[in-house]
Amino acid sequence: MSLRLSSKHRAQTCSQLAIAAVFATTAAVNVTAEDWQDLSIVDVEAFPVDEQPRFYSKSKSIYRGPGGASLIWAQFNPRFDDAPPQTSPGLGHHYHHFHEWALVLEGDYVIHEVISPRQRGGAMYQYLEGTWLDRPAYTLHGGSWEIGGMRSQMPCTLLIFEEGDGSVVTIGADGDHFKPDFPNSKPDPYDPDWEAVERFDRPWIVNSVQQLGWERDADDPSRWVKWLSDDPKAGFQARLIKVPPGWESEASTAAQWYEKANRFLYLTWGDLRVQRYDAEGDPAELVEASGNWFVHQPPRSLLSHGSGAASDGGAIWLEVVYAEGITLGGGPIEPPKVRP
């Protein structure tokens, strides 16, 4: 399934995952025409594969932001032997200087989560379809194939967002700071001093299929939500949104915008209409989305689903909101405004 877009918009890159709306709205606020930003829409299936693959996988960097931030669609092949992976030798236990999050779209992925640099093994997690990962900076993970026997069972497709430049810091006697997907690339600033870290953090991992049920959205009872992450102080929120066939509500037909926040949507199932606006803030194009698609709503850009039903057969999407910028620390998240 694919987005039906004009060739001009199909080539456009965009911003983060599935976003519907935080529907407690404020009073309408006037914005002059020159203030409006463009809504970015990406047909992920038609989007080109990265020339420099990420994570030793088939990857598509569907959003690139400040400081090297990126949202990546990645697909990992199944394994055909019982030997430890040789694609990333020597990486071992490592951490990042930045926050990252991920959602498994299908298949499974196995990784070790470590709590101490003195630990040789680590708890082994099998990320199944629907697993959500919210990993703070300075969280140890990875490595340890010589310890555990479990490995991925099926091909895996996932979304992963990195707020930073993709670099890792490995620990141990040969600890280093480098970009594993970009040979001989050193970050700037270069900071491999893992022994100076006073506290390693822990990730939040939840399987949204097995552990979370759908509940009515308190702000818009016409739809359902699953809460994945909610950190008002950091200004970060992630939810899964589900709407029924023929969905129509005030939240879907109103043209909403943020002064500072960034919102990302990734459609995982169904169909959904998205209204594109021109530089004057007037409706310009109604995009008919189906299957995998991605939308970034930057500050001062308009998002609505047009008039009438926003979905014929229903839809599910991932919504991620940052209060300001594309990194943690901008909270709390402002309520969206409505264009008059």
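Where a number appears in this text, it was derived from the coordinates with a stated rule and is not lab data. Just so you know, these numbers come straight off a predicted model, no measurement behind them. A quick note on method: Cβ atoms are made from the backbone with ideal geometry, for glycine too, and the neighbour counts reach across all protein chains shown.
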Problem - Equivalent ellipsoid dimensions for the range 58-207 as semi-axes, Å, which come from the Cα gyration tensor, largest first - result: 22, 19, 15
Problem - Identified option (computed Kirkwood radius over Cα pairs in Å; candidates (i) 20.8; (ii) 20.1; (iii) 22.6) - result: (i)
Exercise for the section: Just check the range 250-340 against the gyration tensor rule for me: Cα atoms, a ≥ b ≥ c as the square roots of the eigenvalues, rounded for a/c under 1.5, and otherwise prolate or oblate depending on whether a/b exceeds b/c. Expected result: oblate
Fill in the blank from the handout: Interchain or sequence-distant (5+) residues whose placed amide H lies within less than 5 Å of the amide H of Ala289 are Leu272, Arg273, Val274
Handout entry: Share, in percent, of DSSP beta bridges within the chain that are antiparallel, nearest 5
Key = 95
Completion exercise
Going fewest to most other Cβ atoms within 10 Å around each Cβ, Arg202, Arg276, Arg300 line up as Arg202, Arg300, Arg276
Exercise for the section: Give the peptides 48-60, 153-165 in descending order of average Cβ contacts within 10 Å, highest first. Expected result: 153-165, 48-60
Completion exercise
For the chain, the dipole about the Cα centre with charges only on Cβ (Lys and Arg +1, Asp and Glu -1), to the nearest 20 debye, works out at 360
Fill in the blank from the handout: In whole angstrom, the spacing between the Cα centers of the range 150-208 and the range 216-246 equals 29
Problem - the range 58-207: relative contact order as a whole-number percent, Cα under 8 Å and 6+ apart - result: 30
Handout entry: Relative packing of 301-314, 106-119, which averages over residues the other C-beta atoms within 10 Å, highest first
Key = 301-314, 106-119
Problem - Burial ranking of peptide ranges 319-326, 214-221 (average Cβ count within 10 Å, highest at the top) - result: 319-326, 214-221
Practice task
Give the relative contact order (percent, whole number) for the chain; include only Cα pairs under 8 Å separated by 6+ residues.
Solution key: 25
Practice task
Name the most mobile residue of Arg223, Arg239, Arg79, meaning the one with the largest mean-square fluctuation, in a Gaussian network model of the chain with Cα contacts below 10 Å.
Solution key: Arg79
Fill in the blank from the handout: Inter-part gap, Cα centre of the range 274-298 to Cα centre of the range 301-324, in whole angstrom, is 10
Practice task
Classify the range 222-267 as rounded, prolate or oblate from the Cα gyration tensor: take a ≥ b ≥ c as the square roots of its eigenvalues, call it rounded if a/c is under 1.5, otherwise prolate when a/b beats b/c and oblate if not.
Solution key: oblate
Fill in the blank from the handout: Calculated from DSSP helices alone, with each H run of at least 4 adding -39500 (n - 2.57) and the total divided by the residues of the chain, [θ]222 nm to the nearest 500 comes to -500 deg cm²/dmol
